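Following: one structure in structure tokens, then a few remarks.
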Amino acid sequence: ELAVPVQVRSFTLPRGRSVGISSQLSMRNESIFPNPDVFDPHRFDMHNPNAKKGILAWKGFGSGVHLCAGINLAKVEIRLSIRHLVKRVKFTGLKNSKGKNAIP
């Protein structure tokens, strides 16, 4: 709830009013996300000079107390996937031009 009245453009939100954030609308702000209807995963790339905010601009990635709610599940899934991959796939070393192991 608002502790004091807040002016938003030409509209005044009264004291006591509940306020929320629409992640759907915030992700469509063209000043931050040009062409929001276009699929462009590079817009979140921190190395992209055209990305204004990088990966943390997308609410789904977030940071701090707003970190992705599914991060712990994702980490478990990655660990299990790697474990099963290592158990089921035979890995061989790379050979150099002389037929010897490139990595000792």
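The values are calculated or read from the model by the stated rules, or taken from the named source; none is laboratory data. Just so you know, these numbers come straight off a predicted model, no measurement behind them. In case anyone asks, the SASA skips ligands and DNA or RNA and just uses the protein heavy atoms, side chains included. Shrake-Rupley method; radii C 1.70, N 1.55, O 1.52, S 1.80 Å.
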Q) Mind listing the phi-derived Karplus ³J(HN,Hα) values for segment 82-87, rounded to whole Hz, using 6.51, -1.76 and 1.60 with θ = phi - 60°, and x for any glycine or proline? A) 5, 4, 5, 4, 5, 6
(Q) As a test of reading the structure, rank 1, 30 by solvent-accessible area (1.4 Å probe, protein chains only), most first. (A) 1, 30
(Q) Below 19 Å, Cα to Cα, which aspartates and glutamates can residue 87 reach? Residues fewer than 8 away in the same chain don't count. (A) 77
Q | Backbone HN-Hα couplings from phi across segment 15-32 [Karplus 6.51/-1.76/1.60, Hz, Gly and Pro as x] | A | 4, x, 6, 7, 10, x, 10, 9, 5, 4, 6, 5, 6, 10, 6, 5, 6, 9
